[in-house]
1. What are the GluC sites (Glu not before Pro) within segment 240-324 that DSSP puts in a loop, where the Cβ has at most 12 other Cβ atoms within 10 Å?
2. If one puts a single equal scatterer on every Cα of segment 33-178 and applies the Debye formula without solvent, what log₁₀ I(q)/I(0) results at q = 0.09, 0.11, 0.16, 0.20 Å⁻¹?
3. For residue 222, list long-range residues whose amide hydrogen, built 1.01 Å from N in the peptide plane, is under 5 Å from its own amide hydrogen.
4. Computing the accessible area with a 1.4 Å probe over protein heavy atoms, can you report the carbon and sulfur percentage for segment 173-320?
5. Report the accessible area of residue 144, computed with a 1.4 Å probe over the heavy atoms of all protein chains in place, in Å² rounded to the nearest 10.
6. Convert 20 °C to kelvin, take the viscosity as 1.002 mPa s, use the Kirkwood radius over C-alpha pairs of segment 126-221 as Rh, and evaluate the Stokes-Einstein diffusion coefficient in µm²/s, rounded to a whole number.
7. Residue by residue through segment 293-300, what is 3J(HN,Hα) from phi via Karplus (6.51 cos²θ - 1.76 cosθ + 1.60, θ = phi - 60°)? Round to whole Hz and write x for glycine and proline.
8. May I ask for the net charge around residue 139, where only other residues with Cβ less than 10 Å from the Cβ of residue 139 are counted and Lys, Arg are +1 while Asp, Glu are -1?
Amino acid sequence: MLPTIPRRRLLLGLGAVLLGCAPSAPPDTPRAAPPAPAPPDREVGALTELLTAVGLDWLVLLEPARILSLIWLRPALARVLQDERFDALATTSGVDLRVASTIALAGYGDTVAYWLRHRAEQALLRHRFRARLTSGHHEQHHGHQLDSVWGLVGRSPLGLVTVGPDVAGFQYGGEEKKGPGRVAVLYALGKLGEFPKVAEDPVLQRLEATLGAAPARLYLRGPFEGPATRGLRGLLAATEGLGLALTPVEPQLQLDVILEGDFGPEPPTRFVELAWRDLVVSDLGHLLGLPEAAEAFAEGGRLRLRALLDPQALAAGLAAATLDDARAIMAPLDTTPSDPPPSGPSSGRAPHEAGDHGHQEGEPEPEE
């Protein structure tokens, strides 16, 4: 007869047996460290933060998306913007200039730099840019979201710099190592602080503050030299910088022209009126439909002219007179070997050596 075992002791015994037969737990293994978080997007404020003021001749700032948002202005704009070249450009480069939020074009002698904030993928822009190069292709990764691609189309040097998720710059002409594209890379890396940016130029800052946030602005940087000093009835001789802005004021466009300089205690506003009249009666003035009525006045020591323009007449004249020039200016984005070099506003300053921008002779070139 088997001895009677209390249930409690039986369960404890079975538990001990089971625990003794169970395999021992493996030693703790170190866990893999979680992947480091992706660095934040490289941010670019104003596009002028990437452009140097050294050697700058002219600057154009545009906000196409803002302009095209004005329904009443679209019929006039269609005369200029509904062009097959824009469609082809969007297909071949990945950039549709008509929907870019901001565009900055800058002229440095024979070199033109484009910067724009776009909606495409940066990798797509670089891929399509590489596909258009005919020789000399090479590229460099400068850091997080900072890359450049260089090469030739025919004999024309071209460069592309992509910064952050949505900013791209194109350099047409000049040299890779000393041109505005290289300078922009160094600015993005926080280097080259001794060379002023366009956003830091005191004359351009004063013009910007006066013209406000117009969606289309043009700046010519003085001092003006040679025959250019006779321009505007001789006013350019004392002008440090000229600014022009177009502001939509339905149903017209308000034109503001600012001359920044030293015009003495009694600024000669009469000469501004005469210069405007010269333009109105010229062939270009007739073509653009410029009105005779304009107001010239002195403002804080500077000279200012204001006129109201007919957008339909202006667009028709621009389409007839400058569409070919506008296509040439777009050449950095869509160039064939037979394309002429781009053109832009002329400040009358002496031409610069190609690629001398952002670097002065005798100084060591900054390294990354």
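The values are calculated or read from the model by the stated rules, or taken from the named source; none is laboratory data. Computed from a predicted structure; not experimentally measured. Quick reminder, even Gly has a Cβ in these numbers, built from the backbone with ideal geometry, and neighbours come from all protein chains shown. Ligands, DNA and RNA are stripped out before the accessible areas are found, and what is left, the full protein with its side chains, is counted by its heavy atoms. Shrake-Rupley method; radii C 1.70, N 1.55, O 1.52, S 1.80 Å.
1. On the way: sites: 240, 260, 273, 292, 295, 299; in loops: 292.
In loop regions of segment 240-324 (DSSP not H, G, I, E or B), the sparsely surrounded GluC sites (Glu not before Pro) are 292.
2. With no solvent term, the Cα-only Debye profile gives -0.32, -0.47, -0.95, -1.38.
3. HN-HN under 5 Å from residue 222: 241, 242.
4. The computed percentage sits at 55.
5. Looks like 70 Å² after rounding.
6. The estimated diffusion coefficient comes to 142 µm²/s.
7. Listing the rounded values in order: 5, 7, 10, 10, 7, 8, 9, x Hz.
8. Working: positive: 126, 130; negative: 147.
Once positives and negatives cancel, what remains is +1.
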